[in-house]
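Everything below concerns the one structure shown next.
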Amino acid sequence: MTANVPAVSAAVRILERLAAERPRPVSPGTLVSELGLNRSTCYNILATLQASGWAASTGRAGWTLGPRLLALTGVSQELVAGVVQDELDALSRKLGFVAFAAEFDGTAAFTVVAKAERANGIRVSVGVGDRFPFAAPALLQAFTAWLPESEVRALVRRNGLTAYTRHTVTEPAEFDRVLGAVRADGFSRSVRQLDLSQGAAGATVFDSRSRPLFAVVVLGFSSELDEARVDEVGPVVRACADRITLRIGGTPPAGYPTTGD
């Protein structure tokens with residue numbers, strides 16, 4: 001006769017429930033009620049699963065499968081797409097700006113792979129499939145801040161730093177300083193650097209090897225998203241990117257600032 005260990009059985013049922021709902025998080029209350037678990041037992045199991053990387057808390061929204069489990073089982077493109085869209089929708093609702101994710105093609109451009117826009121009002125519009133040039137500041141800075149220095153220099157030599165406006169950072173020493181600020185803060189800033197009418201903040205999502213996977217960016221008119229507002233918005237964008245990294249089984253690189261740094 002096979003012995004049934006209640007705690008192990010409950011943990012398996014919790015993981016199955018999280019897997020069934022992914023990429024959406026599941027609240028502890030839902031787990032307690034649907035699985036018929038004691039509340040303290042449920043929380044203790046979740047804490048144990050989180051410590052081992054098999055479950056992850058997304059804050060008030062609830063719990064999802066953890067990064068270690070996702071890394072072991074592999075992450076499907078469907079899961080990544082669902083997580084990204086879920087987080088972008090929440091980010092756009094919270095900030096009131098268009099939010100999008102863009103991948104670097106490895107040569108000379110970033111391509112928008114997902115977006116979320118506020119429902120009404122005049123706004124900057126971005127479409128899935130739109131391409132931004134290599135030197136687009138918010139994207140370039142967020143992405144290259146976490147690449148090896150030699151790789152960054154090779155990319156810059158090949159593609160150059162374009163002066164789109166008088167505010168664009170193109171001088172090498174200043175560009176290095178800006179990348180240092182991105183590493184310290186976890187997000188990039190671009191106000192009137194790509195277009196005099198636009199402001200943006202960006203942050204990086206990492207894969208399981210701690211490599212930049214894509215950048216999350218919010219974009220608005222520079223009259224709304226100015227220097228002061230970017231410093232308020234940046235940490236919110238970074239928190240969004242951090243949640244995506246966690247939910248898809250990614251790992252931030254060594255030296256990545258922890259929350260509160």
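Hey, any hits in the range 87-98 for a residue that's outside any helix (DSSP H, G or I), modelled with pLDDT of 80 or more and at negative phi?
yes
Counting only residues that are in contact with a Leu (Cβ under 6 Å, 6 or more places away or on another chain) and closer than 24 Å to Leu88 by Cβ, give me the strands (runs of 3 or more DSSP E) lying completely in the range 117-216 with at least 2 of them.
In the range 117-216, 198-206 are the strands (runs of 3 or more DSSP E) which contain 2 or more residues that are in contact with a Leu (Cβ under 6 Å, 6 or more places away or on another chain) and closer than 24 Å to Leu88 by Cβ.
Look through the range 134-149, keep the residues that are farther than 15 Å from Val113 by Cβ and touching a Pro at 6+ places or on another chain (Cβ under 7 Å), and return whichever of them is surrounded by the most Cβ atoms within 10 Å (Cβ to Cβ).
Trp146
Is it the case that Arg177 is without any contact (Cβ under 8 Å) to a residue 12 or more places away in the chain and either out of contact with any Lys or Arg (no Cβ under 7 Å at 6 or more places or on another chain) or buried (at least 20 other Cβ atoms within 10 Å of the Cβ) (or both)?
Considered against the rule, which asks whether it is without any contact (Cβ under 8 Å) to a residue 12 or more places away in the chain and either out of contact with any Lys or Arg (no Cβ under 7 Å at 6 or more places or on another chain) or buried (at least 20 other Cβ atoms within 10 Å of the Cβ) (or both), Arg177 comes out as yes.
Output the residue which, of all residues in the range 187-209 that are within 19 Å of the chain's Cα centre (by Cα), touching a residue at least 60 places away in the same chain (Cβ under 8 Å) and surrounded by fewer than 24 Cβ atoms within 10 Å (Cβ to Cβ), is nearest to Glu103 (Cα to Cα).
Result: Phe206.
Would you confirm, using the coordinates I've provided, whether Arg131 is without any contact (Cβ under 8 Å) to a residue 60 or more places away in the chain, open to solvent by 40 Å² or more (accessible area, probe 1.4 Å) and under 22 Å from the mean Cα position of the chain (by Cα)?
Yes, satisfied.
What is the one condition in (1) touching a helix residue (DSSP H, G or I) at 6+ places or on another chain (Cβ under 9 Å); (2) at pLDDT below 75 that Asn120 does not satisfy?
For Asn120, the failing item is (1).
Find the residue count for the range 217-250, including only residues that are farther than 20 Å from Pro25 by Cβ and assigned to a loop (DSSP other than H, G, I, E, B). Step through it out loud before you land on a result.
Within the range 217-250, the first condition is being farther than 20 Å from Pro25 by Cβ, and the residues that meet it are 217-235.
Within this subset, residues satisfying the condition of being assigned to a loop (DSSP other than H, G, I, E, B) are 222-226.
Result for the range 217-250: 5.
Only residues that are farther than 26 Å from Gly249 by Cα and either touching a helix residue (DSSP H, G or I) at 6+ places or on another chain (Cβ under 7 Å) or open to solvent by less than 10 Å² (accessible area, probe 1.4 Å) (or both): list them for the range 210-224, please. Let's see the steps before the verdict.
Going through the range 210-224, the residues farther than 26 Å from Gly249 by Cα turn out to be 219-224.
Gly220, the sole residue that qualifies.
The values are calculated or read from the model by the stated rules, or taken from the named source; none is laboratory data. Every value quoted in this text rests on a predicted model; they were computed, and no experiment measured them. Please note: Cβ atoms are built from the backbone with ideal geometry, for glycine as well, and neighbour counts cover all protein chains shown. Note: areas computed on protein heavy atoms with side chains; ligands, DNA, RNA excluded. Shrake-Rupley method; radii C 1.70, N 1.55, O 1.52, S 1.80 Å.
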